[in-house]
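Accompanying notes for the structure given below.
The values are calculated or read from the model by the stated rules, or taken from the named source; none is laboratory data. Note that the structure is predicted; figures quoted are calculated from it, not measured. All Cβ positions, even for glycine, are placed from backbone atoms using ideal geometry, and neighbour counts span all protein chains on display. Surface accessibility is based on the protein's heavy atoms, side chains included, excluding ligands, DNA and RNA. Shrake-Rupley method; radii C 1.70, N 1.55, O 1.52, S 1.80 Å.
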Amino acid sequence: MFALWGNLRLFWKFALGFGVLAAITVGVGWWAIGGIHKIVGYADEVIKGHALRGEVVQREVDHLKWADQVHSLLTDESVTTLDVQTDPHKCGFGVWYDGESCRQAEEFCPQLKPLLAAIDEPHQRLHRSAIQIGQVYRADDAAAIQKAEQIYRSETESALKEVQGLLTQIN
């Protein structure tokens, strides 16, 4: 092999040397481009994950604000009417849950499917509790206020904790 190399003219030695370097450079270039494509794919996955996490956190905050409004009816004398969304399909979470974004989240992360399925029932109970509170509450009736507070403590708070717990697991 070395004897063959020694018999080659200088031109062919340079051509072969540069050819090998060019081939290595092209190979490294293709390898690097493939790596960059993988990184971009991973970045897209991370971005989708963060967007989903942000959406879930926002829905949890929405429900905390919602519960605070219900609680204000019972604790703030200046609040005399219950002005919260009682339809679980029309609140921020319900719109997301019933929409395409939720389906995309399930496709993106199939492990979410059982958690999202489990959240439906306590979410509906949460909104039903507000309907019950609205039905029994009377600003000038201490017994009615006490009954509404009892519903809040037994129904609203427990459903809210379940919803929060599941949203935390999703997050």
Within the bounds of segment 112-127, is there any residue that is touching a helix residue (DSSP H, G or I) at 6+ places or on another chain (Cβ under 6 Å) and free of Cβ contacts under 8 Å to residues at least 40 places away in the same chain? yes
Of all residues in segment 109-120 being within 14 Å of Asn171 (Cα to Cα) and hydrophobic (A, V, I, L, M, F, W, C), which is farthest from the chain's Cα centre (by Cα)? Ile119
If I go through segment 3-20 residue by residue, how many of them are open to solvent by less than 100 Å² (accessible area, probe 1.4 Å) and part of a helix (DSSP H, G or I)? 8
Is it the case that Ala142 is over 21 Å from Arg53 (Cα atoms), surrounded by fewer than 17 Cβ atoms within 10 Å (Cβ to Cβ), free of Cβ contacts under 8 Å to residues at least 60 places away in the same chain and of a type outside the set (Lys, Arg)? yes
Among the residues of segment 104-116, the number that are assigned to a helix (DSSP H, G or I) and farther than 22 Å from Thr86 by Cβ is 9
Residue check: is Gln150 at pLDDT 95 or above and open to solvent by 60 Å² or more (accessible area, probe 1.4 Å)? yes
Could you check segment 42-99 and list, in sequence order, the residues that are charged (D, E, K, R), open to solvent by 90 Å² or more (accessible area, probe 1.4 Å) and not in a helix (DSSP H, G or I)? Glu77, Asp83, Lys90
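If we keep just the residues of segment 101-122 that are of a type in the set (Asp, Glu) and closer than 23 Å to Ala43 by Cβ, which is surrounded by the fewest Cβ atoms within 10 Å (Cβ to Cβ)?
Among residues in segment 101-122 that are of a type in the set (Asp, Glu) and closer than 23 Å to Ala43 by Cβ, the one surrounded by the fewest Cβ atoms within 10 Å (Cβ to Cβ) is Glu107.
Residue-by-condition table, conditions (1) among the polar types (S, T, N, Q); (2) in contact with a helix residue (DSSP H, G or I) (Cβ under 8 Å, 6 or more places away or on another chain):
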| residue | (1), (2) |
| --- | --- |
| Gln135 | yes, no |
| Asp140 | no, no |
| Ala144 | no, yes |
| Ala148 | no, yes |
| Glu155 | no, yes |
| Ala159 | no, yes |
| Glu162 | no, yes |
Close pairs from segment 1-27: first of a type outside the set (S, T, N, Q), partner in a helix (DSSP H, G or I) and open to solvent by 100 Å² or more (accessible area, probe 1.4 Å), Cβ under 8 Å, at least 6 apart: Lys13/Trp5
